[in-house]
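Before any comments, here is the structure.
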Amino acid sequence: MSYKFKRTELLEKALTHPSYSHERLKDKRFNYERLEFLGDSIVNFLLAHWVYENFPMMDEGKLSKLKAALSSKEVLARASRRIGLQEMIRLSRGEERMGGREKDSILSDVFEAYVAAVFLDGGIEEAKKVVMEALEPELKKVLQEGGLTFDYKSALQEFLQGRGEEPPLYTVVKEEGPPHRRKFTVAVDVGGRKFYGEGSSKKEAMYSAAKSAWEALVGKEDEIIKDKFFLPSHKENKEEK
């Protein structure tokens, strides 16, 4: 975390989970919720501007997909960890016991709240520096490798919603191995049919299960459908100019 706050109460608020303010503080409103509301819009604005500038030939629909991917809960949680916010969050004892410090939902909210705090303290250019630096690995990958890798989990859900079907339901069915070498098995239920995946984390196993379901339901060779969820490469955009 490189930004130096003039108004330190903004940083303190950005790092305070609602459970902490309810449990420990007299002012139950002294938490990151309002800052997170503002930060969500700031992060999305900055990323929308970035994809607009860097992908001049991409249409609005694919620009939206790219922005949504870059501002996803998982990406912002990684950004939060990357700049050291994870260890600074103030949580209630109960939330701490439940692993709140590891939850992507909390970490992504804190990142957005932190960006808003920087904006209020130092302006939009300082907020932009934070976002661009914290998301640098993802932004570089988009530019160097062209678009984003295919996301089977998101694509499966969107595919089912497009057909008016219920969203997929994921369940952890097995955990095995020592703590440092855990192996998870996850089942995904799609309209009564179950598909399975394995991985060293629950998230990895869910992704594997989604991939199995996608390939069974949509088909490995159905490039017309699959193309809806791919983003054109940066190289292709340059060649189209």
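In the chain, the DSSP-assigned H stretches of four residues or longer account for a calculated mean residue ellipticity at 222 nm of -17500 deg cm²/dmol, using -39500 (n - 2.57) per stretch and the full residue count as denominator.
Under the convention that each Lys and Arg Cβ holds +1 and each Asp and Glu Cβ holds -1, the size of the dipole of segment 40-111 around its Cα centre is about 260 debye. Computed from phi, the 3J(HN,Hα) profile of segment 190-203 under the Karplus parametrisation 6.51, -1.76, 1.60 (θ = phi - 60°) reads 10, x, x, 9, 10, 10, 10, x, 10, x, 7, 9, 4, 5 Hz, with x in place of Gly and Pro.
Available extension along the chain between Glu9 and Leu38 is 8.8 nm, counting 0.36 nm per residue and deducting the alpha carbon span. Protection proxy ranking of 39-47, 81-89, by the mean of other Cβ atoms within 10 Å over each peptide's residues and highest first, is 39-47, 81-89. Measuring r between the beta carbons of Glu60 and His180 and using R0 = 35 Å, the FRET efficiency lands at 0.15.
Working note: Karplus 6.51/-1.76/1.60 with θ = phi - 60° gives segment 55-61 the couplings 10, x, 9, 7, 6, 4, x Hz, where Gly and Pro are set to x. With a ≥ b ≥ c taken as the square roots of the eigenvalues of the C-alpha gyration tensor of the chain, please select rounded if a/c is under 1.5 and otherwise prolate if a/b is larger than b/c or oblate if it is not? In terms of gyration-tensor shape, oblate. 3J(HN,Hα) along segment 31-43: 8, 7, 4, 5, 5, 4, 4, 5, x, 4, 5, 5, 4 Hz, from the Karplus curve 6.51 cos²θ - 1.76 cosθ + 1.60 with θ = phi - 60°, whole Hz, x for Gly and Pro.
Using Cβ point charges alone (K and R +1, D and E -1), the dipole size of the chain about the Cα centre works out to roughly 780 debye. Listed cross-link partners Lys129/Lys202; Lys65/Lys103; Lys4/Lys62; Lys13/Lys129; Lys28/Lys73; Lys28/Lys202 are compared with a 30 Å cut-off, the Cα-Cα value being larger for Lys129/Lys202; Lys4/Lys62; Lys28/Lys202.
Database remark: amide H of Leu85 closer than 5 angstrom to no amide H (H placed geometrically; neighbours at sequence offset of 5 or more, or on other chains; Pro and chain starts carry no H).
Of the peptides 208-214, 120-126, 151-157, the ranking by mean beta-carbon count within 10 Å, highest at the top, reads 208-214, 151-157, 120-126. Put simply, the amide H of Gly199, placed in the peptide plane, has neighbours under 5 Å in Phe184, Ala205, leaving out anything fewer than 5 places away on its chain. Database remark: amide H of Ser92 closer than 5 angstrom to the amide H of Ser19, Tyr20 (H placed geometrically; neighbours at sequence offset of 5 or more, or on other chains; Pro and chain starts carry no H). The alpha-carbon atoms of segment 8-145, seen along their principal axes, cover 52, 30, 23 angstrom, with the largest extent given first.
Of the Cα atoms belonging to segment 50-101, the radius of gyration and Dmax stand at 16.3, 50 Å.
Since every read-out is calculated from the coordinates, none of them should be taken as a lab result. Quick caveat: nothing in here was measured; it's all calculated off a predicted structure. Ideal geometry is used to build each Cβ from the backbone, glycine not excepted, and the neighbour counts take in all protein chains shown.
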